[in-house]
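Written below as structure tokens is the structure these notes are about.
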Amino acid sequence: MDNKKSDAIIVGAGPAGLSAGIYACRGGLRVAVVEGGSAGGQAATASNVENYPGVRSSDGFSLCYAMLEQCRAAGAEFIFDRAVAFDVEGDTKCVALASGEKISAKKLILTVGAAPRKLSLDGEDRLTGKGISYCAACDGALYRGKTVAVIGGGNTAVEDALYLEKLASKTYLIHRRDALRADAIYAERLKKSEVVPIWDNVVAGLVGDEKLTQIQLKNVKTGSLTSLLVDCVFVAIGQVPNTAGLGKLSLDEGGYIVTDEEMRTNIDGVYAAGDVRSKPLRQIVTACADGAIAANSCIKDIL
Ligand code: NAP
């Protein structure tokens, strides 16, 4: 592709990037979408999406695949390569790719999303894929009939626990407080499920050589330590924004990119949308809305 001809580069093909691509193409821009992983991002790993209007229930992959097809049909060009460096300050925005190629355009829309937060415990990296997972929809089937634990108290954790309960012989939900952060509808479903909640506990240690065999739990109120035999731990303790290398942009205290209501960042010609943006509600529907607004601003700024 001759990327010098692009009006806009969109980095990240999750719901925000794909929506931005659809709107930017329909607005007449020549668009390149760069994706270093698989299209759909984290949303594609959701086991069940029930709150995207117009779609009663869908797995995340199918929903995101439909968005990808729509974006491609609108005319976006896809580059499946990882963006490793950004030059955002001049009139021309440049993105260096892992392959060594450099691409440039008049405008840059950052929809790079966020990655799962890690427990930051000894052995976590070594045991990842050997009893530690960050994606229940991807790895849950490997633990059919086994004992699993989900860590966290947000929507992702409860959704994951309810999904895993159908596969595993026993599913624990371990949360550091005694009240969920998850929406009330999930709390109600959890109560009615066979998932065993363990409140006020954090994971203090991971045990296992070739694979995870047990976890050590610490009660945050009493300080007492206990062990739990598990075949897999699914970590769902929130997200970390993918803003490495984007330090010239204004970030909030959590590292998310600050934008105005039209998704403009502090740097001219650079927009941010979706989970990487500082905002109160991270959902597929808000990511799509952000993407549409970012594309609209981009179109207005080019014309
Ligand atoms: P989240 O809402 O930030 O929740 C993270 C959970 O992990 C919280 O319960 C938090 O505890 C806990 N936690 C954080 N750090 C921890 C640590 N170091 N050790 C132990 N526990 C820790 O993250 P999320 O559930 O991944 O959701 C991310 C966003 O996506 C949210 O905006 C969410 O609403 C959205 N989402 C929506 C849906 C849906 O609507 N269907 C599904 C999934 C995700 P505290 O509660 O004590 O802080």
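The values are calculated or read from the model by the stated rules, or taken from the named source; none is laboratory data. Values in this document were obtained by computation on a predicted structure and should not be read as measured data. Glycine also receives a Cβ, built like all others from the backbone with ideal geometry; neighbour counts cover every protein chain displayed.
Points to keep in mind about this one:
- In region 258-303, the qualifying residues are those that are under 22 Å from Asn155 (Cβ atoms) and touching a strand residue (DSSP E or B) at 6+ places or on another chain (Cβ under 7 Å), and the one that is surrounded by the most Cβ atoms within 10 Å (Cβ to Cβ) is Ala273.
- Sole residue being assigned to a helix (DSSP H, G or I), outside the structural domain of Ser38 (by TED's automatic domain parsing), over 22 Å from the mean Cα position of the chain (by Cα) and modelled with pLDDT of 95 or more, chosen from Glu188, Glu194: Glu188
- Residues (over 25 Å from Gly21 (Cβ atoms) and either away from the ligand (no atom under 15 Å from the Cβ) or surrounded by 17 or more Cβ atoms within 10 Å (Cβ to Cβ) (or both)) located in region 104-120: Leu119
- Number of residues in region 146-185 that are away from the ligand (no atom under 12 Å from the Cβ) and either part of a helix (DSSP H, G or I) or of a type in the set (Phe, Trp, Tyr) (or both) equals 3.
- Every test in (1) aliphatic (A, V, I, L, M); (2) in the same structural domain as Ala141 (by TED's automatic domain parsing); (3) free of Cβ contacts under 8 Å to residues at least 40 places away in the same chain; (4) under 28 Å from Cys138 (Cα atoms) is passed by Leu212 save one, and that test is (3).
- Residue check, Gly140 more than 16 Å from the ligand (Cβ to nearest atom) and under 11 Å from Phe234 (Cα atoms): no
- Only one entry of Ile267, Ile237 meets the criterion of being assigned to a loop (DSSP other than H, G, I, E, B) and touching a helix residue (DSSP H, G or I) at 6+ places or on another chain (Cβ under 8 Å), and that entry is Ile237.
- Look at (1) farther than 21 Å from Gly238 by Cα; (2) modelled with pLDDT of 95 or more; (3) away from the ligand (no atom under 15 Å from the Cβ) and you find that Gly90 fails only one, number (2).
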